[in-house]
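Quick notes on the structure that follows.
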């Protein structure tokens, strides 16, 4: 490594953030950049490990010590070449990945780990600054046509890799803009959308065709796709939210997180944010703008989506924000049940939590309460007492007697994750097999479904997961599709 003693000389430092009082006034990104000296020091902390476990921690297998060494030597182009060899979109993962690589960092055994995620973001931004990122020239075309359905990270990664192989790739997106979860699921203060547009411009220049408002199985018959393409990659994500079917669920004021987040992202893009809130064609259809302004907001769900709801509600001017989690509070540091280098389930304080929100754990919702006009007025909850096995796993819970109470609120956001992809429409029409969790059933090695020309990747296949895993799935799926087309 460039400086083998760097980890002894320099402390872990992260870039400066815009102060809370200022950043909550806008939806812009608020994390700054390292100076060249700061970046050099952070890269210098990468140790000369005998076995760099960070490789194993990263789903993409990023070659982390090597790009850290290049950054330390200010060999910017070399660092970019190393990183882009394994990661199609480091500008995304460098902003929104939970960095499992850092959990596997050898330095992290007894010191704060290397700031791998921030270094990754700096590499790609420096590469764009210096003009290293250019559209790749595809010299030979195979003539084979591939339909990629879904334009999230898995779909984009698969499309990029298949295009590099010389195939003719068309990406179909049912929404009005390309990006999937990246576009409408991640708030702008974590990922501004010019970052996506910058990458899409490159992909278009490389020859990929994008079609928006193209809902396969609705306004595009599946037969049309099967007849006109030599292979199909299903990458539509896991989009059906986990619901909370307790009494009062249909009270006005209770919404799924993605409806709330998507509306704000559309407002930021100066698009019509009013959405249809009916869940089915038969339900009472009504349209509404969801705002947290001057409301007591409760977010149910302790993950990243819940955190995104907190940051968005804060910027909308919520009166108060409370985040509830069914599970008990995680520990602040590793326990013997979470040995290094496994990914630990620790208490996470995000930038949105820093901006202001109360949190409670081991809480179950009993009922949504409404006023005489049918509007949400409170949440009835109860405390839980969890039981644990010898290996630290939860085995069940009991309600705490006498702990039932009402929490006043006018807006509840359900951020409890996603259960499986939408089956009605495309998947039903294609008659692809589903697994026991109702995800698309595809082989773990070939990514092939029960239809030989149809493949699946990302959350649609593996279930709700990380952006970095989606990119990995898209890349791996592209390999097997390319092999299939070569036969």
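The values are calculated or read from the model by the stated rules, or taken from the named source; none is laboratory data. Owing to the predicted nature of the structure, the values given are computational and were not obtained by experimental measurement. Positions of Cβ are backbone-derived with ideal geometry, glycine not excepted, and every protein chain shown enters the neighbour counts.
In the set 78, 66, which member is in contact (Cβ under 8 Å) with a residue 12 or more places away in the chain, surrounded by fewer than 21 Cβ atoms within 10 Å (Cβ to Cβ) and either in contact with a strand residue (DSSP E or B) (Cβ under 8 Å, 6 or more places away or on another chain) or part of a helix (DSSP H, G or I) (or both)?
Details: 78 fails: in contact (Cβ under 8 Å) with a residue 12 or more places away in the chain.
Only one candidate passes the filter, namely 66.
Pick from 50, 32, 108: which is touching a residue at least 40 places away in the same chain (Cβ under 8 Å) and not assigned by TED's automatic domain parsing to the domain that holds residue 316? So that I can check it myself, show each step before the final result.
Details: 50 fails: touching a residue at least 40 places away in the same chain (Cβ under 8 Å); 32 fails: touching a residue at least 40 places away in the same chain (Cβ under 8 Å).
On inspection, the qualifying residue turns out to be 108.
Looking at segment 17-40, is at least one residue more than 25 Å from residue 311 (Cα to Cα) and surrounded by 20 or more Cβ atoms within 10 Å (Cβ to Cβ)? Talk me through it step by step, then tell me what you get.
Applying the first criterion (more than 25 Å from residue 311 (Cα to Cα)) to segment 17-40 yields 35-40.
From what is left, the residues that are surrounded by 20 or more Cβ atoms within 10 Å (Cβ to Cβ) are 39.
Yes, the conditions are met somewhere in segment 17-40.
Taken together, the residues in segment 120-146 that are touching a residue at least 60 places away in the same chain (Cβ under 8 Å), in contact with a helix residue (DSSP H, G or I) (Cβ under 6 Å, 6 or more places away or on another chain) and part of a helix (DSSP H, G or I) amount to 1.
Only one of the numbered conditions (1) assigned by TED's automatic domain parsing to the domain that holds residue 220; (2) in a loop (DSSP other than H, G, I, E, B) is violated by residue 401, and that is (1). Restricting attention to segment 328-353, the residues that are over 22 Å from residue 107 (Cα atoms) and loosely packed, with under 14 Cβ neighbours inside 10 Å add up to 1.
Only one of the numbered conditions (1) under 30 Å from residue 453 (Cα atoms); (2) without any contact (Cβ under 8 Å) to a residue 60 or more places away in the chain; (3) touching a helix residue (DSSP H, G or I) at 6+ places or on another chain (Cβ under 6 Å) is violated by residue 220, and that is (3). Among the residues of segment 363-376, the one identified as surrounded by 12 or more Cβ atoms within 10 Å (Cβ to Cβ), without any contact (Cβ under 8 Å) to a residue 60 or more places away in the chain and farther than 29 Å from residue 345 by Cβ is 371.
Reported count of residues in segment 82-101, each being more than 26 Å from residue 29 (Cα to Cα) and part of a helix (DSSP H, G or I), is 1.
Which one is nearest to residue 191 (Cα to Cα), of the residues in segment 271-318 that are modelled with pLDDT of 95 or more and part of a strand (DSSP E or B)? Here the answer is 299.
Filtered by the rule that a residue be over 19 Å from residue 242 (Cβ atoms), within 27 Å of the chain's Cα centre (by Cα) and crowded, with 20+ Cβ neighbours inside 10 Å, segment 392-426 gives a lone residue, 426. How many residues does segment 102-119 hold that are more than 22 Å from the chain's Cα centre (by Cα) and assigned to a helix (DSSP H, G or I)? Of the residues in that region, 4 qualify. Examine segment 249-257 for a residue that is under 18 Å from the mean Cα position of the chain (by Cα), closer than 26 Å to residue 437 by Cβ and surrounded by 16 or more Cβ atoms within 10 Å (Cβ to Cβ), and state whether such a residue exists. Yes, there is a match, as at least one residue in segment 249-257 is under 18 Å from the mean Cα position of the chain (by Cα), closer than 26 Å to residue 437 by Cβ and surrounded by 16 or more Cβ atoms within 10 Å (Cβ to Cβ).
Here segment 469-487 is the region considered, the condition is being in contact (Cβ under 8 Å) with a residue 24 or more places away in the chain and surrounded by fewer than 24 Cβ atoms within 10 Å (Cβ to Cβ), and the residue that is farthest from residue 57 (Cα to Cα) is 485.
Could you check, for segment 441-452, whether at least one of its residues is in the same structural domain as residue 169 (by TED's automatic domain parsing), buried (at least 21 other Cβ atoms within 10 Å of the Cβ), under 19 Å from the mean Cα position of the chain (by Cα) and in contact (Cβ under 8 Å) with a residue 40 or more places away in the chain? Before you say what the answer is, go through the steps one by one.
Pass one, segment 441-452, residues in the same structural domain as residue 169 (by TED's automatic domain parsing): 441-452.
When the remaining residues are screened for being buried (at least 21 other Cβ atoms within 10 Å of the Cβ), the result is 442, 447, 449.
Add one more test, that the residue is under 19 Å from the mean Cα position of the chain (by Cα), and what stays is none.
Checked against the condition, which is being in the same structural domain as residue 169 (by TED's automatic domain parsing), buried (at least 21 other Cβ atoms within 10 Å of the Cβ), under 19 Å from the mean Cα position of the chain (by Cα) and in contact (Cβ under 8 Å) with a residue 40 or more places away in the chain, segment 441-452 yields no hits at all.
If the condition is being at pLDDT 95 or above and surrounded by fewer than 18 Cβ atoms within 10 Å (Cβ to Cβ), then segment 41-52 contributes no residue at all. Screening residue 194 against (1) closer than 19 Å to residue 261 by Cα; (2) surrounded by fewer than 17 Cβ atoms within 10 Å (Cβ to Cβ); (3) touching a helix residue (DSSP H, G or I) at 6+ places or on another chain (Cβ under 8 Å) leaves a single unmet condition, (3).
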